[in-house]
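Peer 1: A single structure is presented below for examination.
Any read-out appearing in this document is the output of simple, stated calculations on the displayed coordinates, not a laboratory observation. All of these numbers come straight from a predicted model, not from anything done at the bench. Neighbour counts run over all protein chains shown; Cβ positions are idealised from the backbone, glycine included.
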Amino acid sequence: MNVHKTLVKKLLLICAGMFAFSFALVPVYTALCKATGINGKVALTPAETAKTIDAKREIRVEFLTKVDQSIPWSFESALDRVDVHPGEIKNIDFRVENPTAENMVAQAIPSISPGQAAQYFKKMECFCFTQQPLQAHESKLMRLQFYIDPALPGDFPTVTLSYTLYRVNSP
């Protein structure tokens, strides 16, 4: 009987440790992604302007947009792609429309591919920094202002910026 109590205590302790470890994984994973650029995580705060422009190189930036199934909006970039010199500031407009009779709020979540390039993609102005409310049947243009850090290694001739729009308020 004493053996069973000891075993149960050990198993409960292991379960509690596993539960605590699962909560610790989220901040550890976020810190790892931020430090290494893995998984395309990008900064959600404005960057400072570039100091220099590398006119000898050109990088193609492609834009992808997606809307989560929970929100029936249309969402697209004005351009599918743009070629930029590292350090050169570019402005791209994105158009969003709420075709429904309901007021809604959405948030755009960015992702960069390849993930290692995320730390070099600097957004000075982005609609993804804040939630985007739209009234019923309203549409608007949202601005992205960015540059590619000249320190981006030459292995990356193309960088893809993808946004997914998610509904923030519940129906």
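Peer 1: Through the Karplus equation 6.51 cos²θ - 1.76 cosθ + 1.60, θ set to phi - 60°, convert the phi angles of segment 149-161 into ³J(HN,Hα) values in whole Hz; use x for Gly and Pro.
Peer 2: 4, x, 6, 4, x, x, 6, 10, x, 9, 10, 10, 9
Peer 1: For segment 62-69, what does the Karplus curve 6.51 cos²θ - 1.76 cosθ + 1.60, with θ = phi - 60°, yield as ³J(HN,Hα) per residue in whole Hz, taken in order and with x for Gly and Pro?
Peer 2: Computed from phi, the couplings for segment 62-69 are 9, 10, 10, 10, 8, 10, 4, 5 Hz.
Peer 1: Please list, or write none, the aspartates and glutamates whose alpha carbon is within less than 19 Å of the alpha carbon of K66, excluding same-chain residues fewer than 8 places away.
Peer 2: E76, D80, D93, E97, E138
Peer 1: Mind ranking 153-162, 71-80 by how tightly packed they are, going by the mean number of other C-beta atoms within 10 angstrom, highest first?
Peer 2: Top of the packing list down: 71-80, 153-162.
Peer 1: Work out the FRET efficiency for A55 and T130 from their Cβ-Cβ distance, taking R0 = 30 Å, and round it to the nearest 0.05.
Peer 2: E(calc), rounded to 0.05, equals 0.35.
Peer 1: Using a Förster radius of 41 Å, what is the FRET efficiency between T6 and N169 based on their Cβ-Cβ separation? Nearest 0.05, please.
Peer 2: It comes to 0.20.
Peer 1: Give me L64, L165 ranked fewest to most by other Cβ atoms within 10 Å of their Cβ, as a rough exposure proxy.
Peer 2: Fewest-to-most ranking of L64, L165: L64, L165.
Peer 1: Let me ask something else. Would you kindly derive the ³J(HN,Hα) couplings of segment 81-87 from the backbone phi angles with the Karplus curve 6.51 cos²θ - 1.76 cosθ + 1.60 (θ = phi - 60°), listing them in order in whole Hz, with x for Gly and Pro?
Peer 2: In residue order, the calculated couplings are 7, 8, 9, 10, 8, x, x Hz.
Peer 1: So, one more: Ranking H85, H137, H4 by Cβ neighbours within 10 Å, fewest first, what do you get?
Peer 2: H4, H137, H85
Peer 1: Here's something else I'd like to know. Among L141, L134, which comes first, then next, by fewest other beta-carbon atoms within 10 Å?
Peer 2: Least crowded to most crowded, the residues run L141, L134.
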